[in-house]
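Visitor: I'd like to ask some things about the structure below.
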Amino acid sequence: MAASAALPGLFFCFSAMILLILVSVSSPTLNSISFLNANQYSFGVFGYTGSKVQVGYYFPLPGDINTGILHNLTFVLILYPIAAGLSGLAFLFGVCGAGYHRVGTVFMSFLAGLATLCTLIVWSISMSLFGTVRSRLRSNGINANWGNANWLALGALVALFLGSCTAACGVFGHYRDRRSRR
């Protein structure tokens, strides 16, 4: 193996990729993963329970939750699958960095940092979006609770932060040339 210093970053990027994929396939695809649960509805990245898969949606519940701003913020949730793709690319470059050359670790560090930024932005927006919806639903007497996708996304954010830091440190690891092993 060319660089064992790249392995922690590789592990964290892989973990974040798995978590972000799980967040991306939340309701309506997989109803057990959601951002917000209210009445019989579970809200996810691409819709809610019983809706078709789409980017951006209106909330099917009464109250003042179907404003233009809240509707437009549901479009931003598409950044979760984009962050999953970026962390997947970081993982692939990390495999190249761990197995062959330092350049792979450099690209892993860059892509993990980009995925961290993307995940931070979308996690902040999704917490604000669903927090506002939750508050407005509760003021109308509708029971609304946080779902588990919020915490999966937070775990992915922490993993990506650690992955980008350890990948940056892994760039300075020991890379042996195959000819020097003789």
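Visitor: So Gly9 passes all but one of these: (1) open to solvent by 40 Å² or more (accessible area, probe 1.4 Å); (2) farther than 30 Å from Arg138 by Cβ; (3) within 22 Å of the chain's Cα centre (by Cα). Which condition number does it fail?
Guide: Evaluating Gly9 over (1) open to solvent by 40 Å² or more (accessible area, probe 1.4 Å); (2) farther than 30 Å from Arg138 by Cβ; (3) within 22 Å of the chain's Cα centre (by Cα) leaves (1) as the failure.
Visitor: Go through (1) within 15 Å of the chain's Cα centre (by Cα); (2) more than 28 Å from Gln54 (Cα to Cα); (3) surrounded by fewer than 17 Cβ atoms within 10 Å (Cβ to Cβ) one by one and return the number of the condition Ser124 breaks.
Guide: So Ser124 meets the others, but not (2).
Visitor: Restricting segment 26-38 to residues that are open to solvent by less than 30 Å² (accessible area, probe 1.4 Å) and in contact with a helix residue (DSSP H, G or I) (Cβ under 9 Å, 6 or more places away or on another chain), which is modelled with the lowest pLDDT?
Guide: That would be Ser27.
Visitor: May I ask you to list the residues in segment 16-25 that are touching a residue at least 24 places away in the same chain (Cβ under 8 Å) and either under 10 Å from Thr49 (Cα atoms) or open to solvent by 30 Å² or more (accessible area, probe 1.4 Å) (or both)?
Guide: Met17, Leu19, Ile21, Leu22
Visitor: Take the residues of segment 44-61 that are assigned to a loop (DSSP other than H, G, I, E, B) and crowded, with 18+ Cβ neighbours inside 10 Å: which is farthest from the chain's Cα centre (by Cα)?
Guide: Top of the filtered list is Leu61.
Visitor: Of the residues Gly97, Gly68, only one is farther than 21 Å from Ser27 by Cβ and touching a Phe, Trp or Tyr at 6+ places or on another chain (Cβ under 9 Å); which?
Guide: Exactly one residue qualifies, and that residue is Gly97.
The values are calculated or read from the model by the stated rules, or taken from the named source; none is laboratory data. Predicted, not measured: the structure shown is a model, and the values here were computed from it. Every residue, glycine among them, receives a Cβ derived from its backbone with ideal geometry; neighbour counts consider all protein chains shown. Surface areas here come from the heavy atoms of the whole protein model, side chains and all, with no ligands, DNA or RNA. Shrake-Rupley method; radii C 1.70, N 1.55, O 1.52, S 1.80 Å.
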